[in-house]
Amino acid sequence: MHIYFPIAEQSLHIFLVLGMGGGVGFLSGLFGVGGGFLMTPLLIFIGINPAVAVATEANQIVAASVSGVIAHWRRKNVDFKMGSIILIGGLMGSTIGSFIFKYLREIGQIDLVISITFAIFLLVIGLLMIFEGIRAILRSKRTGYRRKAHYHYWAHGLPFKARFHRSRLYTSILPPIFVGFIVGILSAIMGVGGGFIMIPAMIYILGMPTSAVIGTSLFQIIFVTANVTFLHSINTQTVDIVLALMLLAGAVVGAQFGAKISFKLKGEQLRALLGLIVLLVCGKIIFDLIIEPSDTFSIMPFISK
Amino acid sequence: MIKILVIFFYIFIFFSSAKSSIMETLNTDISQQTISISSNFTGKKILLFGNKEIEGDIIITIKGPKEKILVHEKTKKLGIWVNSKKIVFSDVPSYYAIASNRNINDIIPIGIQNELQIGAKRLKIKTVHDSIISNKKINEFKSGLIRNKIRKNLYSSNENSVIFNNKLFRSEINFPTNAPEGTYKINTYLVENSKIINSKENSIFITKVGIERKIYNFANKEPALYGISAIIIAIFSGSIASIIFRRI
């Protein structure tokens, strides 16, 4: 049974769309990432116009994140104060990012920029996660390792300090704003929530406890992706509400299962597993960049400025 | 179903042509004038049928609404494939199909094919900046454009797809899911001894209807409101799902 999607102008099988939503939604709930870094390339892979894929995925992440954050909120795993500070940067970044996106699309380099940014970020973060995950698993096996009450990071020395009770931190608000800003730009350009960058940044740069990062990340992703949805609706009219609804029908179900399982697994194992998935996606993107395309010519509608 | 329709059309043509257009050597009609894109749209096959009073071959061309297309060529730079050269073509038919009862080169000389733009590679497509670029380069890009269109099922060539039955003929025309909205011109040529004896034009209109039409219009006419609605729907759906799963 096929469904026609009015903005994507494509007809896709209903189970393909639901299945993609469900699979990616499961990972979304499990790892606290929006899932966009998998879904956006998948949508492009099945033939959806990249601009439609990016904008529609942003809309779908809003829903998946709302559903995910509620599950974490019940377990008090959301630092609303920290999330709001990160969000200040996130809204600025995603607004600037959507205009960069528009410009790159006009000069015909958006696909390349998307691929290279994905490749670089996924490679670095994937390696980092696997390395950290394996090290932590080995250490916990040997000595029954437990996390210290708090670390001292370089970021703690910056001005404009504030107290974050849930994260047990007393730190400057500048690093969270900066992290939010960078991730916001990437969110608009790549059609991702940015959880796969946000979560390591929260752990390694902001020094937040692992228990609070997933919920807090999801909390601010809701607003950043809502901003991206809105701006892409205005700038390019590429948000396909029907496709987004179908994807999220699968995704919200998958995310619930993912969230339930995530509480049963250790943080270190999760990180190593996510690192592996990230590297797989990265490998595919790099492969596509260096292998000679079957046709060196490609076409797109000419958008007059 | 199609077979019953075909028989019906043949009977219809037989009587109508016998009565009114004895002098006409060629008559054509199509099984429907409009194609509606609704939620279960997976492309559409329509039937072109007609009769011819003399011996001869039939060539049919179908052209979709024109569009501007940006063609990129990738070259290898620093180990990766990058869009480097580009040419913009205007007046590109968004859809182009050709059908005939046998090999077109056997039916009609290439000179006339060029003149009437029969065949995708003979389409007169203009470049926006042809003064700087060599003809050879433009042709390379044009071939690339046509290859891409064929891959997207928007360009097709179906020699031998026109079926004869004495004076009557018919051909199925396939419109894929991604066929853009607009008016499609269908030209039917009756050819005898390398000369075009008669030709007829039909047109078909493709349009989105129902909820698809409404959503498309909403997104394009009220983009801000559409964006906000998309966000509200997303938040609402996410919350609902969460509540449902809490009960379970």
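The values are calculated or read from the model by the stated rules, or taken from the named source; none is laboratory data. Predicted model, so just to flag it, every value in this text is computed and none were measured. Cβ sites come from the backbone with ideal geometry, for glycine too, and all protein chains shown count toward neighbours. We work out accessible area using only protein heavy atoms, side chains counted, and drop any ligands, DNA or RNA first. Shrake-Rupley method; radii C 1.70, N 1.55, O 1.52, S 1.80 Å.
Data overview
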{"read-out": "Residue that is in contact with a helix residue (DSSP H, G or I) (Cβ under 8 Å, 6 or more places away or on another chain) and either more than 11 Å from every other protein chain (Cβ to nearest Cβ) or modelled with pLDDT of 85 or more (or both), where the choices are A:Ile110, A:Ile61", "value": "A:Ile61"}
{"read-out": "Selection within the range A:13-35 - farther than 20 Å from A:Val69 by Cβ, modelled with pLDDT under 90 and within 13 Å of chain B (Cβ to nearest Cβ)", "value": "none"}
{"read-out": "Every residue from the range A:232-247 that is open to solvent by 10 Å² or more (accessible area, probe 1.4 Å) and assigned to a helix (DSSP H, G or I)", "value": "A:Ile234, A:Asn235, A:Ile241, A:Val242, A:Leu245, A:Met246"}
{"read-out": "Those residues of the range B:163-193 which are within 22 Å of B:Pro93 (Cβ to Cβ), over 11 Å from the mean Cα position of the chain (by Cα) and not aliphatic (A, V, I, L, M), in sequence order", "value": "B:Ser171, B:Glu172, B:Asn187, B:Thr188, B:Tyr189"}
{"read-out": "Subset of the range A:164-187 (residues that are open to solvent by less than 20 Å² (accessible area, probe 1.4 Å) and either touching a residue at least 40 places away in the same chain (Cβ under 8 Å) or under 21 Å from the mean Cα position of the chain (by Cα) (or both))", "value": "A:Phe164, A:Ser167, A:Leu169, A:Pro175, A:Pro176, A:Val179, A:Gly180, A:Val183, A:Gly184, A:Leu186, A:Ser187"}
{"read-out": "Flag if B:Ser203 is out of contact with any Asp or Glu (no Cβ under 9 Å at 6 or more places or on another chain) and either modelled with pLDDT under 90 or not assigned by TED's automatic domain parsing to the domain that holds B:Ile46 (or both)", "value": "no"}
{"read-out": "Top-ranked residue of the range B:206-216 - restricted to ones that are charged (D, E, K, R) and open to solvent by less than 30 Å² (accessible area, probe 1.4 Å), ranked as farthest from the other protein chains (Cβ to nearest Cβ)", "value": "B:Lys208"}
{"read-out": "Boolean, A:Ile221 is more than 16 Å from A:Ile88 (Cα to Cα) and of a type in the set (Val, Ile, Thr)", "value": "no"}
{"read-out": "Test for A:Ser298: is it of a type in the set (S, T, N, Q), more than 24 Å from A:Val17 (Cα to Cα) and either touching a His at 6+ places or on another chain (Cβ under 8 Å) or within 8 Å of chain B (Cβ to nearest Cβ) (or both)", "value": "yes"}
{"read-out": "Positions within the range B:187-212 being farther than 20 Å from B:Ser38 by Cα and aliphatic (A, V, I, L, M), in sequence order", "value": "B:Leu190, B:Val191, B:Ile196, B:Ile197"}
{"read-out": "Yes/no for A:Thr210 being over 16 Å from A:Gly25 (Cα atoms), more than 10 Å from chain B (Cβ to nearest Cβ) and open to solvent by less than 10 Å² (accessible area, probe 1.4 Å)", "value": "no"}
{"read-out": "Segments classed as strands (runs of 3 or more DSSP E), wholly inside the range B:133-248, with at least 2 members that are charged (D, E, K, R)", "value": "B:168-175, B:182-192, B:195-208"}
{"read-out": "Test: B:Ile54 is assigned to a loop (DSSP other than H, G, I, E, B) and out of contact with any strand residue (DSSP E or B) (no Cβ under 8 Å at 6 or more places or on another chain)", "value": "no"}
{"read-out": "Single match in B:Asn135, B:Asn139, B:Asn105, B:Asn114 (criterion: of a type outside the set (Gly, Ala, Ser), within 13 Å of another protein chain (Cβ to nearest Cβ) and without any contact (Cβ under 8 Å) to a residue 12 or more places away in the chain)", "value": "B:Asn139"}
{"read-out": "Some residue of the range B:183-201 being open to solvent by 30 Å² or more (accessible area, probe 1.4 Å) and in contact with a helix residue (DSSP H, G or I) (Cβ under 6 Å, 6 or more places away or on another chain)", "value": "no"}
{"read-out": "Failed criterion for B:Ala219 (all others in (1) open to solvent by less than 50 Å² (accessible area, probe 1.4 Å); (2) over 21 Å from B:Ser94 (Cβ atoms); (3) more than 24 Å from the chain's Cα centre (by Cα) hold)", "value": "(2)"}
{"read-out": "Filtered residues of the range B:234-248 (kept if within 7 Å of chain A (Cβ to nearest Cβ) and either open to solvent by 30 Å² or more (accessible area, probe 1.4 Å) or in contact with a Ser or Thr (Cβ under 6 Å, 6 or more places away or on another chain) (or both))", "value": "B:Ile235, B:Gly238, B:Ser239, B:Ala241, B:Ser242, B:Phe245"}
{"read-out": "In the range B:47-89, residue least open to solvent (accessible area, probe 1.4 Å) [restricted to those that are more than 18 Å from B:Asn158 (Cβ to Cβ) and under 17 Å from the mean Cα position of the chain (by Cα)]", "value": "B:Ile69"}
{"read-out": "Residues that are open to solvent by 10 Å² or more (accessible area, probe 1.4 Å) and in contact with a strand residue (DSSP E or B) (Cβ under 9 Å, 6 or more places away or on another chain), drawn from the range A:76-104", "value": "A:Lys81, A:Ile85"}
{"read-out": "Conditions (1) farther than 19 Å from A:Gly21 by Cα; (2) crowded, with 24+ Cβ neighbours inside 10 Å; (3) among the polar types (S, T, N, Q): number failed by A:Thr229", "value": "(1)"}
{"read-out": "Enumeration of residues in the range B:116-138 that are open to solvent by 90 Å² or more (accessible area, probe 1.4 Å) and touching a Lys or Arg at 6+ places or on another chain (Cβ under 9 Å)", "value": "B:Lys121"}
{"read-out": "Residue count for the range A:261-305, restricted to those that are among the basic types (Lys, Arg) and under 21 Å from A:Pro209 (Cβ atoms)", "value": "3"}
